Amino acid sequence: MPEDLIIDLLSGNLVLILGAIFLIVIVLRGIKIVPQSEKFVVERFGRLHSVLGPGINFIVPFLDVARHKISILERQLPNASQDAITRDNVLVQIDTSVFYRILQPEKTVYRIRDVDAAIATTVAGIVRAEIGKMDLDEVQSNRAQLIGQIQTSVEDAVDDWGIEVTRAEILDVNLDQATRDAMLQQLNAERARRAQVTEAEGTKRAVELNADAELYAAEQIAKARRIQADAEAYATQVVAVAIRENGIEAAQYQVALKQVEALNALGGSEGSQTVLVPAQALEAFGNAFNMLKGGSK
């Protein structure tokens with residue numbers, strides 16, 4: 001074959017090869033496959049053109065450039081500590097942690113340079129401001145409310161950066177040693193006060209129960225005396241009725257009954273083996289016995 005023909009064939013094949021390579025380059029540069037966890041910010045002639053989401057995307061080769069590849073996964077800022085002063089002038093050290101993710105990469109790329117540092121500074125200022133509105137007791141007891149207020153304030157502050165604050169946490173509230181000692185003394189004093197109050201309430205209750213017992217005993221004694229008085233009054237009334245109906249014989253009968261009861265009591269006492277009774281008494285007891293026998297018929 002002539003050399004000129006060979007050269008022409010080689011030149012034509014080279015052009016085809018170069019053309020194929022060029023087409024492949026154009027296709028590769030025009031197709032962008034974005035991972036699920038990222039977004040691409042595309043610039044055209046140095047200006048923002050579009051934002052590519054996950055999946056296959058097409059751009060204009062050599063005109064459009066995927067300048068920024070932004071992860072949209074949730075991120076955590078390094079734990080930070082900042083000093084703050086409460087409303088009652090107590091110095092505390094607050095340990096915080098913030099989680100966020102980028103929703104609008106075009107804002108994050110073109111409006112803020114260091115996202116983490118900017119969010120950390122914003123959180124520190126908001127924490128100091130919120131702590132300054134609360135007393136120490138409120139900071140320790142209303143931590144959930146404080147976290148909600150901090151998160152809301154941070155969200156409002158970083159909204160222009162295309163960022164969503166997903167969670168803000170207060171990890172710890174630290175106090176200086178002097179404040180801890182003062183709080184411990186206050187706690188011990190409160191415990192002592194509660195113990196004294198409990199003891200006083202117990203003493204008061206014991207006095208009340210004792211008074212109730214004495215009152216109950218007095219009421220029972222009075223009730224017994226009233227029953228006894230009623231019985232004696234009833235007996236007196238019976239005797240009076242008997243005397244009124246039977247005359248002097250009923251009265252003599254009662255006297256004789258009392259004499260016999262006295263003699264029985266005298267004879268039944270301890271250490272009494274012999275009982276000496278005057279003759280007049282024997283005659284009186286005999287009369288009483290006869291009256292009792294007559295009364296029992």
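Tally time: how many residues in the range 68-92 are closer than 19 Å to VAL154 by Cα and surrounded by 15 or more Cβ atoms within 10 Å (Cβ to Cβ)? The total comes to 6. Of the candidates VAL60, VAL123, the single residue that is surrounded by 14 or more Cβ atoms within 10 Å (Cβ to Cβ) and either not assigned by TED's automatic domain parsing to the domain that holds GLU169 or not polar (S, T, N, Q) (or both) is VAL123.
Contact annotation: residue pairs with Cβ atoms under 6 Å, 6 or more positions apart or on different chains, pairing a residue in the range 3-28 that is assigned to a helix (DSSP H, G or I) with a partner that is modelled with pLDDT of 75 or more, are ILE26/PRO61. Are any of the residues in the range 87-98 in a loop (DSSP other than H, G, I, E, B) and modelled with pLDDT of 90 or more? No, the range 87-98 has no match at all. Select from the range 49-78 the residues that are on the phi > 0 side of the Ramachandran plot and in a loop (DSSP other than H, G, I, E, B) and list them in ascending order. Hit for the range 49-78 is PHE62, nothing else. Every listed requirement among (1) exposed (fewer than 13 other Cβ atoms within 10 Å of the Cβ); (2) in contact (Cβ under 8 Å) with a residue 60 or more places away in the chain; (3) not basic (Lys, Arg) is met by ASP95 save one, (1).
Taken over the range 137-155, the criterion of being within 26 Å of ALA182 (Cα to Cα) and crowded, with 19+ Cβ neighbours inside 10 Å is satisfied by VAL139, LEU146.
Listed by first and then second residue, the pairs linking a residue in the range 131-146 that is outside the structural domain of GLN186 (by TED's automatic domain parsing) to a residue that is modelled with pLDDT of 85 or more and among the small types (Gly, Ala, Ser), with Cβ atoms under 9 Å apart and 6 or more places separating them unless they lie on different chains, are ILE131/ALA84; GLY132/ALA84; VAL139/ALA84.
Residue count for the range 30-48 under the criterion of being surrounded by 18 or more Cβ atoms within 10 Å (Cβ to Cβ) and either on the phi > 0 side of the Ramachandran plot or out of contact with any Phe, Trp or Tyr (no Cβ under 9 Å at 6 or more places or on another chain) (or both): the result is 3. Here LEU184 fulfils each of the conditions (1) free of Cβ contacts under 8 Å to residues at least 12 places away in the same chain; (2) in contact with a strand residue (DSSP E or B) (Cβ under 7 Å, 6 or more places away or on another chain) apart from (2).
The values are calculated or read from the model by the stated rules, or taken from the named source; none is laboratory data. Predicted model, so just to flag it, every value in this text is computed and none were measured. With ideal geometry, Cβ positions are generated from the backbone for all residues, glycine too; neighbour counts draw on all protein chains shown.
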